[in-house]
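Worksheet for the structure shown next.
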Amino acid sequence: MSPITHVTKRSGAIVPFNPDRIMNAIYRAAVAVGGRDRDRARWLTEQVVAILEENMPPGHIPHIEEIQDAVEKVLIENGHATVAKAYILYRDEQNRRRRAAADKAAHPSDNIPWAKIWGSLDWAVSHHVHTIAAFNERVNRGEFPQIVHESESAYEEDVTTAANFIIQRRDALKMVLVSGPSSSGKTTTTNKLAQRLAREGLKFVTLNVDNYFFDLEMHPKDEFGDYDFETPQALDLELINEHLRRLSAGERVVIPFYDFKTGKRHLNRTPMQLAANEILLIDSLHGLYPPMTAGVADEMKFKLYLEPLLQMKGPAGYVRWTDLRLIRRMLRDSVHRAYNPQQTLEHWHYVRASEMRHIIPYHGTADFIINSAMPYELALYRARLYEQFVEWEALYQDDPLREDAYKRAARVRAMLQVVIPMADETAVPPDSVLREFIGG
């Protein structure tokens, strides 16, 4: 047994030492550059622990930075320069993000679509839903169905605008990419977009990039056994790019099939070839991630980005879009993926880390942005999940290993606490983007 028993986190909290955390970090860095040798990652971890034990004075509790320094040293000394570079870059990126969080008031984030935000805020103010208090006032006046209608109309107008832009470029396009972070409403929006374009005579062929997942056993996972399948490296990007390039050139390809029950991918299952008047329609988290479509000319792609850009202020500040999507995914996963809401909360740090690195930074490359937020959705979530957030906040309060889950649970609980609940969901249209998450 290692003499190292505990580690000091950046927050100052002292937590039990777990070598699996080191191994998973090394393996994740290897996956980022195309490596998938878990046994090698385990061997390198043993070298890291040996160095720490050799250089550590008796009774010393190593800081997380000391451990990361040792990881860099072992990777470089064992000839893994490329993996070391990925690890160093990720570490530096995390440090810059922490510094930026402390200084964000002075430096506006590049990850915010400011022009779209201004329009969304102007709409919210004019419809008296720019604060939770204002929203509650309208609900108390019996205007909930009217808020639903206004919100749905604004979203539908965005979808129609996107469809019109696509129609204008129909002669050159070979694919439409519907992208955005988890639970932003891509599936519903893709369906609505296809319906509008079909009325204009455009024919679409859908490509499900989930079939390009590597086998589940090849994905990184943490000490809790939770797989990190949110990263684009969980997909065979090289094969996706090759198939998209060939399809856009009119060639025939045979796409794989991914069996989610077994976690296995089967190659060469389904033939696909685009006719002269057909366009690929792709709904993907990582549709804007450059390596996915690097071989396809920009003029052949229309890139659409979705985000619930809610502009509503509560007692502690504006409602965070990531919190909306967290709740949406909790509801969807509990129905469609046998994943209970607590598991979704515990997994969300993976979701957020990947989207901050691989999805949100590319929103500026999109041809159009759709706001999929529904100001009324908070009232539905207040009725459905508020009590559980109260329980999660208490559960994680003193658990340093679940610090992220605690912070999110506490923030969402405080936000939902001041919202008037709405248990009656009959006013929500059956084809609403929210039906993707609440059902019905």
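Here, each number is a calculation from the coordinates, and none is a lab measurement. As the structure is a prediction and not an experimental result, all values here were calculated from the model. Cβ atoms come from the backbone with ideal geometry, glycine included; neighbour counts cover every protein chain shown.
Net charge around GLU387, counting only other residues with Cβ within less than 13 Å of its Cβ (Lys, Arg = +1; Asp, Glu = -1)?
Local charge sum for GLU387: +1.
Of the candidates SER354, SER126, SER334, which one comes out as most mobile in a Gaussian network treatment of the chain with C-alpha springs shorter than 10 Å?
Of SER354, SER126, SER334, the most mobile in the Gaussian network model is SER126.
Okay, helix-only estimate at 222 nm for the chain: each DSSP H run of n ≥ 4 adds -39500 (n - 2.57), divide by all residues, round to 500 deg cm²/dmol; what do you get?
It comes out at -16000 deg cm²/dmol, rounded to the nearest 500.
Need one word for the chain: rounded, prolate or oblate. Basis is the Cα gyration tensor (sqrt eigenvalues a ≥ b ≥ c); a/c below 1.5 gives rounded, then a/b vs b/c decides.
It is oblate, given that a/c is not under 1.5 and a/b is not larger than b/c.
Roughly speaking, what is the centre-to-centre gap between the range 268-335 and the range 4-67 when only Cα atoms are used, to the nearest Å?
Here the answer is 34 Å between Cα centres.
Residue-wise, which Karplus ³J(HN,Hα) couplings in Hz belong to the range 277-290, taking 6.51 cos²θ - 1.76 cosθ + 1.60, θ = phi - 60°, and x for glycine or proline?
Karplus values, whole Hz, x for Gly and Pro: 9, 10, 10, 6, 10, 10, 9, 8, 3, 10, x, 8, 5, x.
Please go through the residue pairs LYS116/LYS186; LYS73/LYS264; LYS9/LYS85 and name each one whose alpha carbons sit more than 29 Å apart in this structure.
Over 29 Å apart, Cα to Cα: LYS73/LYS264.
Give me the percent of DSSP beta bridges within the chain that run antiparallel, rounded to the nearest 5.
Rounded to the nearest five, the antiparallel share is 40 percent.
Run the reach check for LYS192 against aspartates and glutamates, Cα to Cα strictly under 15 Å, same-chain hits fewer than 8 apart removed. What comes back?
GLU152, GLU156, GLU157, ASP158, GLU200, ASP283, ASP431, GLU436
Pick from GLU65, GLU278, GLU377: which is most flexible by mean-square fluctuation in a GNM of the chain where alpha carbon atoms under 10 Å apart are linked?
Evaluated over the chain, the most mobile residue of the options is GLU65.
Give the whole-number value, in cubic angstrom per residue, of the convex hull volume spanned by the C-alpha atoms of the range 1-53.
84
Quick one: what Rg and Dmax do you get for the range 167-298 from the alpha carbons, in Å?
Final numbers for Rg and Dmax: 15.5, 51 Å.
Can you tell me the convex hull volume per residue for the range 6-102, based on C-alpha atoms, in Å³ to the nearest whole number?
95
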